[in-house]
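Here is the structure we will look at.
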Amino acid sequence: MNLTNKYLINPFMKEIKSKDFSSSNNIFKMIIGTTGLGKTYTTFNTYIPHCFDNEDLDLVLFTYPKTEVYNEEDAFAVELNTNKKIKVIDSPADLDKVFLYLKNEFKVFLAVTHQKILHKSNKWFIDGVVKQGVKVGWFVDEPHTWLACSDYRNYKNTQGYHCPTYNASLYKLVSKISAISPYVFGTTATPTNEHKHLVEPFGDMKFNTINTYPTVNEMISRSGWIGGEQYYDLNNTDETESTFSNFVDIHVEKNEIFGKRVMMVSCGQRNSKIGFTVKDVLKLLRENLDSSSNLIDNQITVLTSDFKGYVNIKKTNFNNGTYQFVYDDVSEQQVIRDLNNPDHPSKFVLFINKGTCGLNVHCLKSYFSFRATDKKTGTELNGKPITNQAVQILGRMMRIWTGESNKDFVKQWGYDLTDYVKSLNTVQKNTLLELNSFDVCVPTNDMWKATIKEIRTKFNPSKIDASSWINNT
């Protein structure tokens, strides 16, 4: 039995066919799984089509936290795998059309951001679904973000800091559907402490996990492998800059020897006391890349709320070594396509708050953080590190990367490395080991140390284990 069936499809079918399912309102069903297991693929190719065809739902919502999480090919999968007469409404979505299509006996798949469904101008929509008695289901992607907890009083123990203004808007809205429908699910790699019942919800809707994680060994052929880890003192500017410089040099060298790998860099906020903002990091990259004669156009990408595109470094005076940064606006989806393209020169991507979940770039294989974040629970949970977001960030490194596009690889080998490894000679196996392993360099603190430990014991095989597996496959 393959892992997708064992850990995703079979538990879902068991849950939905159980004798108590029809009466399991007010329960948010959590589906957990490591990156690479296929949660998103299974949602669009199995879960949602089943809800339309076999459960006869009229409306299925899929909501997601950030624009980079969703692409229109996901909607294509729902259409291709559903036998019913279906209409797809996604971004930019016209919610008025949902009821028009339903009235004309179409089934509707609605895929929008959480923000879209929560916007005050759309407050009428969920109330209309409930009032009209629509047979509805809701899949919430990455519920550890906007659906982390049910009330501001649980925020510290789930997110690591107090937020008195948090009003649990998504929890309250999903609860309305959960009260009338058992078909309410969420998929994530990192359930929060409330999802895990370490703290209990303040509302009527409870959380219940319906499956388990695969073992680390089971994931060895379906994930990236964690390689080197390095910690540094972010409060020591000289050490920080030196560590980053060395990390960049290693990253560039691996690109030259083995093929494309992309480094993801989490930069400081504009108002960060420590600094290392996007502009600061661009200057550090300029110094490194100039010294290694690697000033190549379109190799540095930036994805922030202020700018999306490429930042190219141009020498303005060769005698005194002055430079300027040239900003080239490019759409987010195009940047992601370029990052995934093995022939495109992009090898650095700078973030501030994006990239924490759902970003699908297979060649992300180096991570450096300039963020001082060190999240912990309150004293009632003994101040334990909260690793959800940090695990999600490193989850971007966990996808398979062989040096060719994921689409081409999957077409020939499926999303599994076993048969592919068998086809390789010794040199090719060594190249794969480097391409598919990821390196991490983060500030020294309790959160990151707990995160790396959790990654190694719960989520990802090590590069050492992968080497042994490759040689014995």
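Here the relative contact order of segment 329-413, from alpha carbon pairs under 8 Å that lie six or more residues apart, stands at 35 percent.
Classified by the C-alpha gyration tensor, segment 50-179 has a prolate form. Its axis ratio a/c, with a ≥ b ≥ c, is 1.5 or above, and a/b is larger than b/c. In terms of modelled amide H atoms, which long-range or inter-chain residues lie less than 5 Å from the amide H of Gln230? Close amide H contacts, sequence-distant or interchain: Val440, Cys441, Val442. Size descriptors for the chain (Cα atoms only): Rg and Dmax, in that order, 22.9, 79 Å.
Each Cα pair under 8 Å and six or more residues apart adds its sequence gap; the mean of these over the residue count of segment 219-472 is a relative contact order of 31 percent. Counting only aspartates and glutamates at least 8 places from Lys308 when in the same chain, those with an alpha carbon closer than 18 Å to its own are Glu68, Asp280, Asp297, Asp328, Asp329, Glu332, Asp338. Count Lys and Arg as plus one, Asp and Glu as minus one, and take only other residues whose Cβ is under 10 Å from that of Asn154; the net charge is then -1. Residues whose amide H lies under 5 Å from that of Trp146, counting only those 5 or more places away or on a different chain, are absent; hydrogens are built 1.01 Å from N in the peptide plane.
Pairs of Cα atoms nearer than 8 Å and 6+ residues apart set the relative contact order; for the chain it is 18 percent. Here the spin labels are modelled as points 7 Å beyond Cα on the Cα-Cβ line, and at Lys206 and Ser291 they lie 5.9 nm apart.
For a straight C-alpha distance cut-off of 12 angstrom, the aspartates and glutamates reachable from Lys87 (same-chain residues fewer than eight places away being disregarded) are Asp58, Glu79, Glu105. Pairs spanning more than 19 Å between alpha-carbon atoms, out of Lys17/Lys107; Lys260/Lys347; Lys103/Lys131: Lys17/Lys107. Note down the Stokes-Einstein diffusion coefficient of segment 207-318 in µm²/s, whole number, using a Kirkwood radius over alpha carbon pairs, 20 °C, and 1.002 mPa s. Estimated via Stokes-Einstein, D reaches 126 µm²/s.
Calculate log10 I(q)/I(0) of segment 219-472 for q = 0.15, 0.16, 0.17 Å⁻¹, where I(q) comes from the Debye formula with a single equal point scatterer on each Cα and nothing for solvent. Treating every Cα as an identical point scatterer, log10 I(q)/I(0) equals -1.10, -1.23, -1.37.
Peptides 445-452, 160-167, 60-67 ranked from most to least packed, by the mean per-residue count of other Cβ atoms within 10 Å: 60-67, 445-452, 160-167.
Can you spot the aspartates and glutamates whose alpha carbon is less than 12 Å from Lys384's alpha carbon? Ignore those fewer than 8 places along the same chain. Once the sequence-local aspartates and glutamates are set aside, what remains near Lys384 is Asp374, Asp446. On C-alpha positions alone, give me the angle between the axis of helix 463-472 and the longest principal axis of the chain, in degrees, nearest 10. Approximately 80 degrees, to the nearest ten.
Could you pull out the pairs from Lys196/Lys429; Lys6/Lys411; Lys279/Lys376; Lys66/Lys453; Lys19/Lys196; Lys279/Lys429 whose alpha carbons sit more than 32 Å apart here? Going by Cα-Cα distance, Lys196/Lys429; Lys279/Lys429 fall outside the 32 Å limit. Under a 5 Å amide H cut-off, with hydrogens placed 1.01 Å from N, Leu364 pairs with Val262 among residues at least 5 apart or on other chains.
Throughout, read-outs are computed from the coordinates displayed, never taken from laboratory work. Predicted, not measured: the structure shown is a model, and the values here were computed from it. Every residue, glycine among them, receives a Cβ derived from its backbone with ideal geometry; neighbour counts consider all protein chains shown.
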